[in-house]
Amino acid sequence: MINKTSCFLAVVILFLFFMGTSLNFELVNAQNSTADLLNQGVSLIDHGMPNEAILIYDELLRKDPNNVSALTEKGIALKHLQKFEESRNFLDAALKLEPDNVYAKIQRLNVLQYLKDHDEIRRSSVEILGPNLEKIEYFDNPSCFSCFGHVPFLHPMRDTDDYIGSVHFEMRDSNDNLVGVVESDLIWYPAHPIFDNSLSKHPVSRMLEKDGNIYEMREFNSKYFIGMGEEQPLFLNMLKLPGEVGETKINFLIATNMGIAIEEGDHFVAKFEIGKKI
């Protein structure tokens, strides 16, 4: 009787062991399958196929409506289809489940730029970076100044009436001969209180009325020199107005143009004029 009981218990234990192993194996496979499908979706977006990516994300969300990664990536796919309101809704859903998901917050911030919702852009920028940029350690790419002053933290100034701006820059050769003059109003700025604080430290040069609004205008001058180096670009298509917050170097303004052919020894004098609505 004892032997029969022992044998029965041994069989039960072995059964439970193999069942547990099988369940664990299936769980691992399911997790791997989900990760593989998410990666496939990202790859499809990278190859210009957001519709196909959405089919994958929909299947994942059918199985698990609370899959934050699938919600986030579907929001990104919808952005690529220029369905910005839908994109925002999916990113909002992801953040409702994971309020501290920085990746989803940044993707949402990028979508807000297309929606031209600058009040929400400013609020979100402060939430992500902190009011004094104390949260920039979230970003692991020091080559972009902790991402402040770069997309998605730069926004077209022409999309808001809170500011107006233009840049005038002259290019001169190594002998200081004038080579060309360029004007541009394609200026990108960081929608963050730090930007207003920086403006307030410079004197008002003039007042300007435009489209029924009054602006305090301020001027900022910068010089650029073209040095030696194999990686030196042949064309200059961007001008930066750098600054510092504490020990952190950032770009407060970036102006873009169609590109100017440059050579070693060339230098530029750029004058930004920025107006803040009062």
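Listing for the model above:
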{"read-out": "Residue order, fewest to most beta carbons within 10 Å, for 269, 111, 126, 181", "value": "181, 269, 126, 111"}
{"read-out": "Rounded FRET efficiency, nearest 0.05, which uses the C-beta distance separating residue 119 from residue 81 and R0 of 22 Å", "value": "0.30"}
{"read-out": "Of 79/277; 116/240; 96/277; 96/276; 79/223; 74/116, pairs whose Cα-Cα distance is over 28 Å", "value": "79/277; 96/277; 96/276; 79/223"}
{"read-out": "Cβ-Cβ FRET estimate between residue 89 and residue 43, R0 fixed at 41 Å, reported to 0.05", "value": "0.95"}
{"read-out": "³J(HN,Hα) computed for each position of segment 202-211 - Karplus, 6.51 cos²θ - 1.76 cosθ + 1.60, integer Hz, glycine/proline x", "value": "10, x, 6, 8, 6, 9, 9, 9, 8, 6"}
{"read-out": "Tensor-based shape of segment 57-130 (alpha-carbon gyration tensor, a/c under 1.5 rounded, otherwise prolate or oblate)", "value": "oblate"}
{"read-out": "Estimated inter-spin distance, residue 271 and residue 177, nm [label 7 Å along Cα→Cβ]", "value": "2.4"}
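Any read-out appearing in this document is the output of simple, stated calculations on the displayed coordinates, not a laboratory observation. No experiment lies behind these values; they were computed from the predicted model shown. Cβ: placed from backbone, ideal geometry, glycine included. Neighbour counts: every protein chain shown.
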